[in-house]
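The values are calculated or read from the model by the stated rules, or taken from the named source; none is laboratory data. Here the structure is a predicted model, which is why all the values come from computation and not from measurement. No Cβ is skipped: glycine too gets one built from the backbone with ideal geometry, and neighbour counts run over all protein chains shown. Protein only, heavy atoms only, side chains kept; ligands, DNA and RNA dropped before computing areas. Shrake-Rupley method; radii C 1.70, N 1.55, O 1.52, S 1.80 Å.
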Amino acid sequence: MNSKFANDWWKAAVREIQTLEEMDAWEVVDRPPDANVVGGTWAFKLKRYPDGKVKKFKARFCARGDQQKEGIDFFETYAPVAQWTTVRLMLILEVLLNLKSKQGDVTAARRLLADFRGSERGDIRRCRKN
């Protein structure tokens, strides 16, 4: 990585791996000979304060889902998304019932993981089920 922030990006990637390992998000298994192992890639994002100063370096390891074939590698998809009417209903109930809400940030949700490039042993990391 060639950048004046290379060290910061490296630390963010290490932090992401540590978080996933602390969550026990994967298990190391031998590569099955007949399996289509999905590759992985890194997504980097620079978060800034409103005045433009650097706030945070974020790195996420992402599975390359585009390498899968429907009907072979997976049979169904699931992506939970809150509808706007549901969010409005929750806010209305909060006001009517005199409740308090909080905003949270999910730093590392469980997700499909794949092999890291350069694995010497030929092993892979398989996502554990929730």
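Please calculate how many Å² of accessible area region 1-71 carries per residue, with a 1.4 Å probe and no DNA, RNA or ligand atoms counted. Please report the intermediate quantities before stating the final value.
Working: 5100 Å² over 71 residues.
Computed with neighbouring chains in place, this is 72 Å² per residue.
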Share of antiparallel DSSP beta bridges in region 26-78, in percent to the nearest 5? 90 percent
Using the Karplus curve 6.51 cos²θ - 1.76 cosθ + 1.60 with θ = phi - 60°, work out ³J(HN,Hα) for each residue of region 49-62 in order, rounded to whole Hz, and write x for Gly and Pro. 6, x, 7, x, 6, 5, 9, 7, 9, 10, 10, 10, 8, 10
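If Phe5, Phe57, Phe75, Phe44 are ordered by their accessible area, calculated over protein heavy atoms with a 1.4 Å probe, which sequence runs from highest to lowest?
Phe75, Phe44, Phe5, Phe57
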Long-range amide H partners of Trp26, meaning residues 5 or more apart or on another chain whose placed amide H is closer than 5 Å, are Arg128
Two pseudo-spin positions, 7 Å from Cα along C-beta at Ala43 and at Gln18, lie apart in nanometres by 2.3 nm
Between Val29 and Leu97, what length in nm is gained on full extension when 0.36 nm per residue of separation is reduced by their alpha carbon distance? 19.5 nm
